[in-house]
Amino acid sequence: MRIAIFVVLFLWVGIGYAQMMPDPDANTTVANPAYKSKHPRIAIDQAHGNIHTKDGLFRPFAQLATNDGYEVVTNVKSFTKGSLQDIDVLVISNPLGNLSNDNNNFTPAFTQSECDAVYDWVQHGGSLFLIADHAPIGDAVQPLAQSFGATLGNNFVFDTNPDNFTSDDVTQLVLSDHNHLLGASPIMQGRSESERLHRLVAFTGESVSIPKDATVLLILSPTAGVVSRGSELQPMFDKDAAKAKTAREAALKRAPAGAQGMAVTFSPGKGRIVISGEAGMMTAQVFKDKQKDGSEKIVGAMGWEVPGNDDRQYVLNILHWLSGALH
């Protein structure tokens, strides 16, 4: 039931109610693994109702990291000093609280003591990859993000400039060399020219405030806006192009997002953090729909297997920076 709120958007772009699953054919090979002798430990959180798990929708992520030389494990415990002590990189993606306010808000996914434990762990050298999709996930993650000085918009980001979104969806943002929406960071440069990022695609996300001394990885343009409910996006997909354009421009005027980002990175204390307001680009997923004859058919895709993006290398570069292979 919880998953349905994340699928509903695709009604407006032609996919419909389909089963979301990890892409079984995702490319998880790594030509030049970062780690061949030592193997930093990545823990994927599964203790907070997470939508993305190691053997579920984040299976391609986990396989990619393993092939890059990391030891990938799961975290199934509450966050404490003890549970975090043997982890090098903690990955938290789309944890769930309890839905409230007509499914538009979540209660926090973490207790205050857990937020304090993660904060202290990062201050003493831990690396955190915190990922939260569009509303209402922002609410579930908010206390942890705010402990590090960041605020999640708990919204849906769209753009009104065709250069900044894919041809069929104003919420699938394109961030590229061409539109200058990639931040200046070692993560964008990679370890070599072959790892340099040129075009990323975000598959519907939320805004992230920019903490002091943070670097913006994914820049929201002056033509980007936000809405607080998924239903507010529906007029932007009207079959009448003029009506759709009017709806987008009106929504932009009400709530521009150009002073924020969709992903930021910073280094509190001795640790490192990447906060992403979008999760789909961090893995590879497909949508399967049952046909009238009972067979199943792939009717859509999301993530790094969608042609024309560098999202797969983006994931590797983030992990390299968090683990210290990239400076």
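Bear in mind that the values in this text are calculations on the coordinates, not laboratory data. Worth saying up front: this structure is predicted, and the values here are computed from it rather than measured. Reconstructed Cβ throughout: ideal geometry from the backbone, glycine too, with neighbour counts over all protein chains shown.
Taking the fewest neighbouring Cβ atoms within 10 Å as the starting point, the ordered list for Tyr119, Tyr35, Tyr70 is Tyr35, Tyr119, Tyr70. When the helices of the chain are scored as -39500 (n - 2.57) per DSSP H run of n ≥ 4 and the total is divided over every residue, the value at 222 nm lands at -6000 deg cm²/dmol. What angle, in degrees between 0 and 90 and rounded to the nearest 10, separates the Cα long axis of helix 137-147 from the longest principal axis of the Cα atoms of the chain? The two axes meet at around 40 degrees. Each other residue within a Cβ distance under 15 Å of Ser78 adds +1 if Lys or Arg and -1 if Asp or Glu, for a net charge of -2.
Could you point to the residue in Leu319, Val157, Ala145 farthest towards the positive end of the chain's charge dipole, with +1 and -1 charges on the Cβ of Lys/Arg and Asp/Glu respectively? Positive-end residue among those listed: Ala145. Summing charges over neighbours of Tyr35, with a neighbour being any other residue whose Cβ is under 10 Å away from its Cβ, gives 0 when K and R count +1 and D and E count -1. For the chain, the longest principal axis of the C-alpha atoms and the axis of helix 112-123 are separated by about 60°. Residues Val76, Val30, Val226, arranged from fewest to most other Cβ atoms within 10 angstrom of their Cβ, appear as Val76, Val30, Val226.
Give me the Debye-computed log₁₀ of I(q)/I(0) at q = 0.09, 0.13, 0.14, 0.21 Å⁻¹ for region 82-215, equal point scatterers on Cα only, no solvent, two decimals. After summing over all Cα pairs, the log10 values are -0.33, -0.68, -0.78, -1.31. For Ala263, the residues 5 or more places off, or on other chains, whose built amide H falls under 5 Å of its own are Leu217, Leu218, Gly277. Each Lys and Arg contributes +1 and each Asp and Glu -1, all at the Cβ; summed about the Cα centre of region 17-124, the dipole is approximately 260 debye. Of all DSSP beta bridges confined to region 19-323, the antiparallel ones make up roughly 65%. In degrees between 0 and 90, to the nearest 10, how far off the longest principal axis of the chain does helix 241-254 point, with axes built from Cα atoms? Tilt of helix 241-254: around 50 degrees.
When the trypsin sites (Lys or Arg not before Pro) in region 220-283 are filtered for DSSP coil states and for at most 13 other beta-carbon atoms within 10 Å of their beta-carbon, the remaining sites are Lys239, Lys270.
Would you mind checking the pairs Lys77/Lys290; Lys38/Lys212; Lys212/Lys245; Lys239/Lys297 and listing those with alpha carbons more than 32 angstrom apart? From the list (Lys77/Lys290; Lys38/Lys212; Lys212/Lys245; Lys239/Lys297), the Cα-Cα distance tops 32 Å for Lys77/Lys290; Lys38/Lys212; Lys212/Lys245.
Shape of the chain from its Cα gyration tensor (a ≥ b ≥ c, root eigenvalues): rounded if a/c is under 1.5, otherwise prolate when a/b > b/c, or oblate? Before the final figure, lay out the partial values.
Values: a/c = 1.38, a/b = 1.34, b/c = 1.03.
Because its axes are fairly even, with a/c under 1.5, the chain counts as rounded.
Cβ crowding within 10 Å, taken as a proxy for footprinting-reagent exposure, orders Asp45, Asp289, Asp177 from fewest neighbours to most as Asp177, Asp289, Asp45.
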